[in-house]
């Protein structure tokens, strides 16, 4: 799938995960589609609550680092954000599916927000936003960079 560097950014919440890392969470089904299939870079980590409705989430590295530099703490923070922006928000421990964005596909004719993932694993986390995180809400369309 071609990922255009000039693609418009989806309407989403953006969280500061520390060290220049950012967590993006889609607001609507259509924004989830754009976030997962067009905005996300192939090597970025992608997250979604397992088995129920919720936001698609990606973890983005700062410009001077590689997406593969994400440690377990960052991955768990992003997974907790995916759980927070889901029907599991008020629950305890829950399962979040994660894979690389390159493994997220939109099948022809699929409903908005519905994607297929491969090479995934599940992480158990409690729904949460990063401690002391700054949150920026993007409510207008903007360029990716």
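Structure notes:
- Projected label distance in nm at residue 71 and residue 121, using a 7 Å step from Cα toward the beta-carbon: 1.7 nm
- Each peptide among 118-128, 73-83 gets the average number of other Cβ atoms lying within 10 Å of its residues, and from highest to lowest they stand as 73-83, 118-128.
- Global form of the chain, assessed from the alpha-carbon gyration tensor, a/c cut-off 1.5: rounded
- Cα-based shape type of the range 62-128, given that a ≥ b ≥ c are square roots of the gyration tensor eigenvalues and the cut on a/c is 1.5: oblate
- The distance linking the range 84-125 with the range 1-77 is 12 Å (Cα centroid to Cα centroid, whole angstrom).
We did not get these values from a lab; they are worked out from the coordinates using the rules stated. Not measured: the values here are computed from a predicted model. All Cβ positions, glycine included, derive from the backbone under ideal geometry; neighbour counts span all protein chains shown.
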